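To keep things clear, I will list the structure first and then write my remarks on it.
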Amino acid sequence: MTEKYFFDTDCLSAFLWIRGESILGKLYPGEIVLPAQVYDELKRVPHLLDRVNAMKDASLLEIGQITTGTAEYEAYMKMTVSPAHGLRLIGKGEAAAIAMTSCRGGVLASNNLKDVAAYVRQLGLEHITTGDILQRALKENIISEDEGNVIWAEMIQKRRMLPTKTFSEFLRENR
C-alpha cells in the first residue's frame with residue numbers, strides 16, 4: 001500500500017509560492033491528500049489554487065473529505081471547537097490534516113510546529129516539514145544542495161517561516 005501524505009496549507013504553500021510543486025510531484029506522485037479545508041483556504045489565492053488544480057488534474061494529489069459523524073470528524077471538531085485540556089485550538093486546515101493522518105494512517109506534512117506539535121506527540125503521528133521534504137529531494141537527486149539553498153531563499157522571500165537561514169544550515173542541524 002502506498003503511504004499517504006496529508007498536507008496543511010502552510011507546507012504546501014511553501015512550494016506553491018515558488019512554483020516548486022514539481023518537487024512534490026516527483027517525491028509523492030499520487031500520494032498527496034489535500035484536505036478539503038486546505039483546498040478551501042487556497043481559494044483565497046487564485047494563482048495558488050490554479051497550481052493545486054493542475055496537480056489534481058495530473059493525479060499528483062487528491063482532495064480528501066471528512067465525513068460528518070465519523071471518528072475523523074469528531075477529532076477534527078475537537079481541535080477546531082473544543083480541544084482537550086492542555087491542547088490548543090487550531091486552524092481548520094491543520095486540524096483536518098491531523099485528523100486524516102490520525103484516522104487513515106500516513107504522514108502529516110506541516111510547518112506550523114507551534115500549532116501541531118502537541119497533537120503530533122499525543123497521537124504519535126509521523127510528521128514532516130518543508131525542510132524534511134527538501135532533504136529527501138536532495139537524497140533522491142531531485143535537487144542539489146545549491147538548488148536547495150536557492151529554493152530555501154525564495155521561500156523565505158515569500159515569507160514562509162523556516163527554521164534556519166539556509167538549506168545548508170538545516171542540513172547541518174539535521175544530519
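The values are calculated or read from the model by the stated rules, or taken from the named source; none is laboratory data. In this text the structure is predicted, and so the values were computed from the model without any measurement. Methodologically, a virtual Cβ is constructed for each residue, glycine included, from the backbone with ideal geometry; neighbour enumeration extends over all protein chains shown. Remember, those area values only see protein heavy atoms, side chains included, never the ligands or the DNA or RNA. Shrake-Rupley method; radii C 1.70, N 1.55, O 1.52, S 1.80 Å.
A few notes on this one:
- Size descriptors for the chain, from the alpha-carbon set: Rg then Dmax equal 15.7, 48 Å.
- Distance distribution P(r), segment 84-175, all Cα-Cα pairs, bin width 5 angstrom from 0: 2, 13, 22, 19, 16, 15, 9, 2, 1 percent.
- Of all accessible heavy-atom area on segment 1-159, the percent that carbon and sulfur account for (1.4 Å): 49 percent
- Entry comment: accessible area of segment 93-175 is 52 Å² per residue, from protein heavy atoms only and a probe of 1.4 Å.
- Of the trypsin sites (Lys or Arg not before Pro) found in segment 73-103, the ones in coil according to DSSP and having at most 15 other Cβ atoms within 10 Å of their Cβ are R88.
- Where only alpha carbons of segment 1-105 are counted, the Rg and the Dmax (Å): 13.9, 42
- Counting Lys and Arg as +1 and Asp and Glu as -1 over every other residue whose Cβ lies under 9 Å from the Cβ of K92, the net charge comes to -3.
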